Every structure is written in structure tokens, then in C-alpha cells.
Number of protein chains: 4
Amino acid sequence: MKTSPYEFKLKRQVEFGDTDMAGIMHFPNFVRFMEAAETAFFRSLGLSIVTTGFDQPIGWPRVHADCDFIHPLRFEDTVEIHLLVREKKTRSIVYGFIFRNLNEHPAREVARGTLVVACVTRNSHGGRMVAVPIPQPIADKIGVAPKEVLEKIYKS
Amino acid sequence: MKTSPYEFKLKRQVEFGDTDMAGIMHFPNFVRFMEAAETAFFRSLGLSIVTTGFDQPIGWPRVHADCDFIHPLRFEDTVEIHLLVREKKTRSIVYGFIFRNLNEHPAREVARGTLVVACVTRNSHGGRMVAVPIPQPIADKIGVAPKEVLEKIYKS
Amino acid sequence: MKTSPYEFKLKRQVEFGDTDMAGIMHFPNFVRFMEAAETAFFRSLGLSIVTTGFDQPIGWPRVHADCDFIHPLRFEDTVEIHLLVREKKTRSIVYGFIFRNLNEHPAREVARGTLVVACVTRNSHGGRMVAVPIPQPIADKIGVAPKEVLEKIYKS
Amino acid sequence: MKTSPYEFKLKRQVEFGDTDMAGIMHFPNFVRFMEAAETAFFRSLGLSIVTTGFDQPIGWPRVHADCDFIHPLRFEDTVEIHLLVREKKTRSIVYGFIFRNLNEHPAREVARGTLVVACVTRNSHGGRMVAVPIPQPIADKIGVAPKEVLEKIYKS
């Protein structure tokens, strides 16, 4: 049985506008990059975070985000954002992220983070978001990183 | 006859996250601050840029923006964004902006900019934006800076 | 003995540019607002995050950030960012943040977060950041929230 | 005689965080993308906007920016930012930018802008920026778009 993809790597180069007066990448950009990797992961599966074509439009509000900052990134550093699906629950997904600075040799881990997103739809009257099960056609395309893979990465 | 307001002053303090590695405010923030002053001006008139309560929802897409950068702003500088309505046309408004650094004595002009916004609505079928006349209840509340006021500011 | 301040409340209004296509405040802005509250807290103590006047310039790199998103914020909502000093260690500070939407009555908690910052200086040769004890004149001005205060807030 | 490059094309995909509640790319991002194209152009020449290795460090403060917004960009649109060197003066460079949405067929022009940057250095005492001639090794690498090229693009 084929396993659905459970990881994705996005490369980004730190822009001048991503830096702050300390000369390093301003830290909320790490959080922004997590979302960029998540949406690129969905595209790689033929999906989009902005979902159409289901019975009712679903959305993916962010429920939790965290990040540990280990080493700074600087202007023109190329960073690899390594997304791993850590958990796929009925109504939510837990993503882990490892950030690596590819301008250092060997590439150096500079941060790691987590993003938890819920699957929701809106009441028919335009209003409240309600958590719903991830539609099967989406859930089928998203794998979960095997325990060994996660252990190897998170113990290092 | 009462004249409607044609100017507004908003104060903002430059945040750490507004700076870049050159140690000064990253320049797209000047453009962002223009919009902040525009929306605050609307609120001061009892209006909102996000309009409800008219026959059809209208929007204000940006048609043009420009800015001349004269002196840099730094972290924790307090900047006054002085908005002036330079022109009010049937379907668009031209705003002028003077940025003054209030941390210098006397306050120093650090930038000046322009923002042109169009008044639009959407076709009933959810689609294309179409320019429409500014609804009268909105147009009535927005004055235009007298020629003398503009000349005094723009010649200085 | 006088207790140094251990909390601070900053008000911010959600700007048009803070929103995303889901119609709510884009979530990295919560993280940005934490930093805005931290720097405003320092100013309220007569300090600045960008420190001068000590033997060697110190900086406050972010070590960790997290945020739980409970309810969305929307354009023109006024949010209170309630900072509490949860821990003051020799070389780092742990801030807690409660976000409350003041446009709802009663004010509603919409998010809570944490920010951990380290106190560092740079080697004389322009290079590596090294963790150092928080200078006494700064440490003296920063209090720590009493256990009862934290329990009351974090149990609610 | 070899002509130095006078144009550069950068591709960017509109991210979720680039959008606003109107469902389109928030307009200051066009300005941010101009700078991204400028720094990528410099890299393509073996240069960096953050210059090292000259007698004194030089910088490129922004003097003027403008942009006309013709059609909106939406989430996941791929935009080509076409940079053209319109003028190369002793102490400044004028860049023109054409933005094209590559998700439409044929690609559609959605915006055009200008960025003027000055070449400066800092006084030895850490202070004021002073305009200086562009160092010859940099000036030699930067061409100027021929009149015919500019006319063809700007008349269309």
C-alpha cells in the first residue's frame, strides 16, 4: 500500500525586508515561513489551503504555533524549511518544522517549530467556524511521519 | 455651510519589527502607514474602509501609491502621519501624506507620499470590480483641502 | 520594599494590513504584538530593548515563542496585550501574554502566548553573541508576577 | 564592447500572508517585491546590496518609490517582477518594474513601479549618510536599458 507524503522541504532566501536592526531575520518570519511551507506542501499534493470543490468550503485556522530559535539567520542566507506531519487527527493536523541554514557547511539547524491547524467549516449563515472531520479526499493524501523518522530528527 | 474634514493626523511609534538591518525603518512601512492613516481618517468620520449598510458593498482598491524618502526613521521614533485630501473625484480620492519625526525638535519632515484609491463595487456574480461613484453619504463627509492649505504645505 | 512592575497592558487596533484573505488577523501578528508589548514595557520602565550606556551593549535575542489562538481578531478590533513577567532568571526573562478583544463586552480572551528572551552581549571582535547576566540596573527595574496573580490568570 | 546586464526577472508566488481581507495581495507587498528583485539583480551580478570589500562600506537608501496598481494578485498567483535599469547616474540608480501575473494566459501586466536608490556612505564618526559616486567596480557591472527597450515596454 502506497504511503502518502508526510514531509516537504521548502527553500527560502532571507530578504533585506526580513531583517531587523539587530542585523538578523526578525523572528516572526520563522512563523510566517512555517505557513509558507504548509501551503507549499498542500500544493505539492495537488491541494490548496484555500479549499474549493467540497460540499462546503473548509478552512484551516491556526490553533497553536511555537518556535525555538537556536541560531540567527542573516540577509541572503538560504534556509531550508523541513515540514513533517507529526500527527493527523480527525479534525486537526500537527506539523513539525526544522529550519536549516544551507549557507553553512554542513547545513546547520537554526530553529524548530510546531504548527497545529484545525479543519473547520462555516455555518450556513456566514458565521461561526465549526471544527469538522478532514474531508476524506484530503486526509487520504496526507501521510504521517513514521515514529523512527521523528525520533531520529527530534533526538538529534 | 459647514466644511467636512479634509485632514487627519495619526501618530505611530516605530517598532523593532519595523526596522531593517540598516538600522532604520524599512521603507514599505511608510506605505503601510499611509493606509493606517486613511483608515483612521475614515473612522474619525464615523465611517469604515470596509463599508456595510449601502445598497451594495463598496471597496477602495489602491490605484497608485508613491513616496519620497527624505530622512530615515529609527526605532522608537514617534512619527506623525499628516493626511490631506488633495482631490475628491466622482469615483476616486487622492490623499497626500506628510511624515514628521516628532522626536526631533522642531519636528522634522522625513517623507511625503500620495495614495490614490478608487471606489468600486463588485458585479452581482461575485466577480469583477467596477468603479462606481462614491456614495453620497460618504462623499458628503469628506472635505477637500483648500488650495492655500496645500500650497503652504507643498511649497515648504 | 517597593515591588518593581511585573505587568503591562498595550492596546492595539487591528489594521487592514494585519488581516489575511480569511478575513481575520494573520496569526504571525500575534507574535509581533508580543514584541511590541515587551518593548513598550521596557519604555514604561525608562529602559529600551536597544540598550546603550552599559559597559558593553547588550541585546535580547528571542529564544522561544509560542501562542495558542482561541478566537480570531478582525479589522478594527481593539486588542489588549497583557504582558506578565512569569520568570526572571539570571540570563533570561519569560514573558506571558494574554490577548483580549476589547470590542466584545465583556472583553474576551482570544489568545495567550509566551516569549523567552536571553540577555546577550557580543564578543569584542564583533562576532558571536554570548549570554550574560542581566545588568543589575535593568534587573532591579523588572519585577516578577506573584504566584497568586499568575494562578488566577492562567487557571481562568 | 560587452554590455552589462540592464534587466532581471524574478518570480514570486503570492503567499497566504501576503493577502488581506479583500482577498487580494496587500499593496505594500508590491513595493517589497521591487526590493526583492533589486537585491536578486545584484546577486545575479555577483554583488550584494549589503556591500563589503570597498574602502568604506556603502549603502543604498531608498529615495523614491511609486507603483500603479492595475489588476489585483491573488493567493498562489505567480508573479514575474521584471526589473529594468532606467537610469544610472553618478550617485543614484532608477529602476523600473513591470509586474506580470503568470497565472493568466497570456501573462497579464498587473502593476508597474519605480524605485530610486542613492549610493551613500557614512561619515567616519558613525553618523550621517553622505551621497557618494557609485564605486566603479559596481557601476561597471550595471547596464542601462536602451531607449528602444524602454519605449517598447512603457508604450505598451
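A short reminder: the numbers here are calculations on the coordinates, not readings from a lab. Keep in mind the model is a prediction, meaning the values are calculated, not measured. We place every Cβ from the backbone using ideal geometry, glycine too, and count neighbours over all the protein chains shown.
Distant-in-sequence amide contacts of D:ASP77, defined by a placed amide H-H separation under 5 Å and a gap of 5 or more residues or a different chain, comprise D:VAL14. Couplings for region B:93-105, taken from phi via the Karplus curve 6.51 cos²θ - 1.76 cosθ + 1.60 with θ = phi - 60°, read 10, 10, 9, x, 9, 10, 9, 10, 7, 7, 7, 9, 10 Hz in order; Gly and Pro are left as x. This ranking places C:ILE153, A:ILE81 by how few other beta-carbon atoms lie within 10 Å of each, fewest first, which gives C:ILE153, A:ILE81. Peptide A:63-73 has a mean shielding of 5, counted as Cβ atoms of other protein chains within 10 Å of each residue's Cβ.
Net charge dipole, the protein assembly as shown: roughly 0 debye, given to the nearest 20, about the Cα centre with Cβ charges of +1 for Lys and Arg and -1 for Asp and Glu.
Return B:TYR6, C:TYR154 ranked ascending by Cβ neighbour count within 10 Å, so the fewest neighbours appear first. Show your work: numbers first, answer last.
Details: B:TYR6 18, C:TYR154 12.
Result, fewest neighbours first: C:TYR154, B:TYR6.
So if we plug the beta-carbon distance of B:GLN56 and A:SER48 into 1/(1 + (r/R0)^6) with R0 = 30 Å, what FRET efficiency do we get, rounded to 0.05? So the FRET efficiency works out to roughly 0.55. Only one residue of C:HIS71, C:VAL116, C:LEU102 has its Cα farthest out toward the positive end of the dipole of region C:53-132, where Lys and Arg carry +1 and Asp and Glu -1 on Cβ, and that residue is C:VAL116.
Among chain A residues, the beta-carbon with the smallest distance to the axis carrying A onto C is reported, with distance in whole Å, as A:ASP66, 2. Taking a straight Cα-Cα cut-off under 29 Å and skipping sequence neighbours fewer than 8 places away in the same chain, the lysines within cross-link reach of C:LYS155 are A:LYS88, A:LYS89, C:LYS2, C:LYS9, C:LYS11, C:LYS88, C:LYS89, C:LYS141, C:LYS147. Residues whose amide H comes within less than 5 Å of that of C:VAL63, counting only those at least five positions distant or on another chain, are C:VAL116, C:VAL117, C:ALA118 (H built at 1.01 Å from N in the peptide plane). Using only side-chain charges placed at the Cβ, +1 for Lys and Arg and -1 for Asp and Glu, the dipole size of chain D relative to its Cα centre rounds to 540 debye. Convex hull volume per residue, computed on the Cα atoms of chain B, equals 132 Å³. Around the Cα centre of region B:70-156, unit charges on the Cβ atoms of Lys, Arg, Asp and Glu (plus for the first two, minus for the last two) sum to a dipole of about 440 debye.
Ranking B:ALA131, B:GLY46, B:PHE27 by how far each Cα lies toward the positive end of the dipole of chain B (charges on Cβ) leaves B:ALA131 at the top. Phi angles across region D:65-80 convert, under the Karplus curve 6.51 cos²θ - 1.76 cosθ + 1.60 with θ = phi - 60°, into 3J(HN,Hα) values of 9, 8, 7, 9, 9, 9, 9, x, 9, 10, 3, 6, 5, 9, 10, 9 Hz, Gly and Pro given as x. Sorted from nearest, the other copies put their D:VAL130 label points 3.6, 6.1, 7.0 nm away, the label point being 7 Å from Cα in the direction of Cβ.
Across the protein assembly as shown, Cα-Cα pairs more than 43 Å apart make up 23 percent of the total. Exposure proxy shown here: for B:PHE30, A:PHE16, the number of other Cβ atoms within 10 Å sets the order, fewest to most, as A:PHE16, B:PHE30. The angle separating the long axis of helix A:28-44 from the principal Cα axis of greatest extent in chain A is about 50 degrees. Distant-in-sequence amide contacts of C:VAL110, defined by a placed amide H-H separation under 5 Å and a gap of 5 or more residues or a different chain, comprise C:PHE99, C:ARG100, C:ASN101.
For C:LYS11, the distances from its label point to the matching points in the remaining copies are 1.4, 4.8, 4.9 nm, ordered from shortest, with each point set 7 Å beyond Cα toward Cβ. Each residue of region B:96-156 gets 146 Å³ once the volume of the Cα convex hull is shared out per residue. Counting, for every residue in B:75-82, the Cβ atoms of other protein chains within 10 Å of its Cβ and taking the mean gives 2. Each other copy places its own label point for C:GLU148 at 5.6, 6.4, 8.5 nm from this one, sorted shortest first, where the point lies 7 Å along the Cα-to-beta carbon line. Considering helices alone, the calculated mean residue ellipticity of the protein assembly as shown at 222 nm is -5500 deg cm²/dmol, with DSSP H runs of length four and up weighted by -39500 (n - 2.57) and normalised per residue.
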